[in-house]
1. Scanning region 154-188 for residues that are open to solvent by 50 Å² or more (accessible area, probe 1.4 Å) and part of a helix (DSSP H, G or I), which turns out nearest to Leu248 (Cα to Cα)?
2. Hey, Lys230 hits all of (1) in a helix (DSSP H, G or I); (2) touching a residue at least 12 places away in the same chain (Cβ under 8 Å) but one; which does it fall short on?
3. Residues to consider are Tyr65, Tyr38; find the one that is surrounded by fewer than 18 Cβ atoms within 10 Å (Cβ to Cβ) and modelled with pLDDT of 95 or more.
4. Taking the criterion of being without any contact (Cβ under 8 Å) to a residue 60 or more places away in the chain, over 19 Å from Leu84 (Cβ atoms) and assigned to a helix (DSSP H, G or I), would at least one residue in region 194-214 satisfy it?
5. I'm trying to understand the selection: among the residues of region 165-179, which are within 25 Å of Lys230 (Cα to Cα) and in contact (Cβ under 8 Å) with a residue 60 or more places away in the chain?
6. When you check Arg98 against the structure, is it touching a residue at least 24 places away in the same chain (Cβ under 8 Å), closer than 30 Å to Gly45 by Cα, assigned to a loop (DSSP other than H, G, I, E, B) and touching an Asp or Glu at 6+ places or on another chain (Cβ under 9 Å), yes or no?
7. For region 68-87, which residues satisfy the criterion of being open to solvent by 20 Å² or more (accessible area, probe 1.4 Å) and in a helix (DSSP H, G or I)?
8. Does Phe147 fit the bill of being open to solvent by less than 70 Å² (accessible area, probe 1.4 Å), more than 30 Å from Ile2 (Cα to Cα), part of a helix (DSSP H, G or I) and of a type in the set (Phe, Trp, Tyr)?
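The values are calculated or read from the model by the stated rules, or taken from the named source; none is laboratory data. Just so it is clear, the model here is predicted, and its values are computed rather than measured. Backbone-built Cβ (ideal geometry, glycine too); neighbour counts: all protein chains shown. Only protein heavy atoms, including side chains, enter the accessible area calculation; ligands, DNA and RNA are left aside. Shrake-Rupley method; radii C 1.70, N 1.55, O 1.52, S 1.80 Å.
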Amino acid sequence: MIQLEEETILTMAWLMIASAIVVFAALRFGLTAGYGRYTNTARLGISPRLAWFIQEAPSFFIPFYYLFNGTSNSGHYLTRVFLLHYFNRVFIFPLKIRSTTVSPLYIMLSAIFFCCYNGFMQGYWNAFYQPEEGALTARHYIGSLLFFYGMYINHKADRILFNLRAPGETGYKIPEGWLYEHISCPNYFGEIVEWTGYAIMAWNLPALAFAIFTASNIGPRAISHHAWYKEKFPEYPPHRKALIPFLL
């Protein structure tokens, strides 16, 4: 196997951070990613379940390959944590999707590119360049707590959304209960907390780049969802924020 230089992976991370700035600006001040409730059904698309599996799969299988390569035990631990998230995203989450709105092909292809890029960057760095760390520190405990708490928030919020629709039912409803009493998108809030925790655990540039990109991508989408709810439902709770309880 030809091993890439450490500087190559760091350059990939910096490019992800730069693209995060562009994505945030585009989504916050102009564009809305055209999938889900914003899908243009006139565009070529495929089943949302199939699309989700295909686009997310590289984020599982590429790091999984590097789990059996490389020399960093600390990195292998991080990869297992990473795979825990994407096992749900690839093999469980698509089966729960009840929406019948097609996923646009261009959205799926762009997601495949990102998941290949990030899956390789995280898996390769963890396999070959993550420094070995002996004793656990406060940073590891804090990062782990945030990661698993964020995962819990993300899963529970998704479950509430899925249960809003009976099998075969279409349309949108106002989510209620738990964190939905305070913010419109606790699922996105949980995912941002999750990858922030991962970045703290890992303490490396690729993990930080992924956390920044995640917030830059789904943060503006949460704000768009919040505005959409208020426009569609005149009775939408006025005290509810978009993404961060009591703040934003």
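1. Glu181
2. (2)
3. Numbers: Tyr38 fails: modelled with pLDDT of 95 or more.
Selected residue: Tyr65, the only one of Tyr65, Tyr38 that is surrounded by fewer than 18 Cβ atoms within 10 Å (Cβ to Cβ) and modelled with pLDDT of 95 or more.
4. There is no residue in region 194-214 that is without any contact (Cβ under 8 Å) to a residue 60 or more places away in the chain, over 19 Å from Leu84 (Cβ atoms) and assigned to a helix (DSSP H, G or I).
5. Going through region 165-179, the residues within 25 Å of Lys230 (Cα to Cα) turn out to be 165-166, 169-179.
Across region 165-179, the qualifying residues are Arg165, Glu169, Thr170, Tyr172, Ile174, Leu179.
6. Details: touching a residue at least 24 places away in the same chain (Cβ under 8 Å): yes; closer than 30 Å to Gly45 by Cα: yes; assigned to a loop (DSSP other than H, G, I, E, B): yes; touching an Asp or Glu at 6+ places or on another chain (Cβ under 9 Å): yes.
For Arg98, the condition - touching a residue at least 24 places away in the same chain (Cβ under 8 Å), closer than 30 Å to Gly45 by Cα, assigned to a loop (DSSP other than H, G, I, E, B) and touching an Asp or Glu at 6+ places or on another chain (Cβ under 9 Å) - is met.
7. Step one: filter region 68-87 for residues open to solvent by 20 Å² or more (accessible area, probe 1.4 Å), giving 68-71, 73-74, 76-77, 80, 84, 87.
If the condition is that a residue be open to solvent by 20 Å² or more (accessible area, probe 1.4 Å) and in a helix (DSSP H, G or I), then Asn73, Ser74, His76, Tyr77, Arg80, Leu84, Phe87 are the ones that fit.
8. On the way: open to solvent by less than 70 Å² (accessible area, probe 1.4 Å): yes; more than 30 Å from Ile2 (Cα to Cα): yes; part of a helix (DSSP H, G or I): yes; of a type in the set (Phe, Trp, Tyr): yes.
Here the answer is yes, as Phe147 does meet what is asked.
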